[in-house]
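Take a look at the structure set out below.
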Amino acid sequence: MNDYLEKFEKMKVAGNLAAKTLDMITGNIKEGISTDYIDKLGYEFIRDNGGYSAPLYYRGFNKSLCTSLNHVVCHGIPSENKILEDGDALNVDVTAIIDNHYGDTSRMFCIGETSVKYKNLINATYDSMMKAISILKPGIKIGDIGFEIQSHVEKKGFSVVRDFCGHGIGTSFHEPPNILHYGKKGTGIEIKPGMTFTIEPMINAGKFDTKTLNDGWTAVTKDKSLSAQFEHTVGITENGYEIFTESAKSYTKPPYL
Ligand code: MF3
Ligand code: CO
Ligand code: CO
């Protein structure tokens, strides 16, 4: 019984470090900095706190975190040439490893005055993730998660990216099951105590189609519409769930005050 508690404790340590990294980055986001500078800050913070950045050298990725700007859906590669400008919105995705366990989380950041339309997309994306998390407990089906997200954002005229999904996570970065962010109630595998996975909806203002740039990583919306994403790592308990990647500063979605 509850033989997963030790795993949960270790994942919480990794998850807390990933969340603290985003908390630290929050205070440093401003117009004029490069996404590579954010990468350096993240790399150093994780290292100085006893962890490793999981993305670094992962399948040929050569940066410590992902920075996905505006119409970039996910896996944006930090670059000295990508400078944050007024009106931009940026997803920063951090995955930390401590004691062989992984914590994976991302948040959106607004630079200066982001458009009302983009703010609405960001709010809908965050709310859809939290709605999906709120129903987690043993006995529900994986399709119930996707249904919560899809129904929430489509009501507002937004679309759910199909080409990327959430994933099991624990002592490896990506493991089964895939957590789709769209789906039908009552379908798919059953959620059980001890399961640990991410929920990380990518939501587009336009169509859900994506394409990957020649760098082999950067995924963008095919129609160049704006995209938003948030991510938490969660564990399923006997009667509910635990979020491993909550902010110690209660940062949820922008504005972070
Ligand atoms: N952190 C991403 C996720 O949520 C994965 C990034 S893989 C990388 O699953 F190599 F691009 F960093
Ligand atoms: Co993830
Ligand atoms: Co991630």
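State whether one or more residues within the stretch 56-69 are aromatic (Phe, Trp, Tyr) and without any contact (Cβ under 8 Å) to a residue 24 or more places away in the chain. Yes, because at least one residue in the stretch 56-69 is aromatic (Phe, Trp, Tyr) and without any contact (Cβ under 8 Å) to a residue 24 or more places away in the chain.
Pick from Ile111, Ile135: which is more than 16 Å from ligand 1 (Cβ to nearest atom), over 29 Å from Ser53 (Cα atoms) and among the aliphatic types (A, V, I, L, M)? After ruling out the rest, the residue left standing is Ile135. Note on the stretch 146-161: among residues that are part of a loop (DSSP other than H, G, I, E, B) and in contact with a helix residue (DSSP H, G or I) (Cβ under 7 Å, 6 or more places away or on another chain), the one that is surrounded by the fewest Cβ atoms within 10 Å (Cβ to Cβ) is Lys156. Of all residues in the stretch 234-257, those satisfying the criterion of being among the β-branched types (Val, Ile, Thr), touching a strand residue (DSSP E or B) at 6+ places or on another chain (Cβ under 6 Å) and in a strand (DSSP E or B) are Val234, Ile243. Gly143 fulfils the conditions (1) of a type outside the set (Phe, Trp, Tyr); (2) touching a strand residue (DSSP E or B) at 6+ places or on another chain (Cβ under 9 Å); (3) not in a loop (DSSP other than H, G, I, E, B) except for a single criterion, (2).
Can you confirm whether the stretch 177-193 contains a residue that is surrounded by fewer than 18 Cβ atoms within 10 Å (Cβ to Cβ) and within 15 Å of ligand 2 (Cβ to nearest atom)? Within the stretch 177-193 (the criterion being surrounded by fewer than 18 Cβ atoms within 10 Å (Cβ to Cβ) and within 15 Å of ligand 2 (Cβ to nearest atom)), the answer is yes, since at least one residue qualifies.
Results for (1) surrounded by fewer than 23 Cβ atoms within 10 Å (Cβ to Cβ); (2) more than 9 Å from ligand 1 (Cβ to nearest atom), shown as yes or no for each residue.
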| residue | (1), (2) |
| --- | --- |
| Tyr43 | yes, yes |
| Tyr52 | yes, yes |
| Arg59 | yes, no |
| Ser68 | no, yes |
| His75 | yes, no |
| Glu85 | yes, yes |
| Ile97 | yes, yes |
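Scan the stretch 70-104 for residues that are within 16 Å of ligand 2 (Cβ to nearest atom), of a type outside the set (Phe, Trp, Tyr) and more than 16 Å from Asp39 (Cβ to Cβ) and the total you get is 5. Can you find, within the stretch 162-176, the residue that is surrounded by the fewest Cβ atoms within 10 Å (Cβ to Cβ) among those that are more than 14 Å from the chain's Cα centre (by Cα) and of a type outside the set (Ser, Thr, Tyr)? Across the stretch 162-176, the extreme among qualifying residues is Pro176. The residues in the stretch 9-35 that are in a helix (DSSP H, G or I) and more than 19 Å from the chain's Cα centre (by Cα) can be counted, and the count is 2. Looking only at residues in the stretch 97-146 that are in contact with a Phe, Trp or Tyr (Cβ under 8 Å, 6 or more places away or on another chain) and more than 25 Å from Gly76 (Cα to Cα), which one is farthest from ligand 3 (Cβ to nearest atom)? Within the stretch 97-146, the match that is farthest from ligand 3 (Cβ to nearest atom) is Lys137. Of all positions in the stretch 106-114, at least one carries a residue that is out of contact with any Pro (no Cβ under 7 Å at 6 or more places or on another chain), within 18 Å of Lys156 (Cβ to Cβ) and modelled with pLDDT of 95 or more. When the strands (runs of 3 or more DSSP E) confined to the stretch 174-233 are screened for residues that are within 16 Å of ligand 3 (Cβ to nearest atom) and without any contact (Cβ under 8 Å) to a residue 60 or more places away in the chain, those reaching at least 3 such residues are found at 175-179.
The values are calculated or read from the model by the stated rules, or taken from the named source; none is laboratory data. Being a predicted model, the structure only gives us computed values, none of them experimental. Positions of Cβ are backbone-derived with ideal geometry, glycine not excepted, and every protein chain shown enters the neighbour counts.
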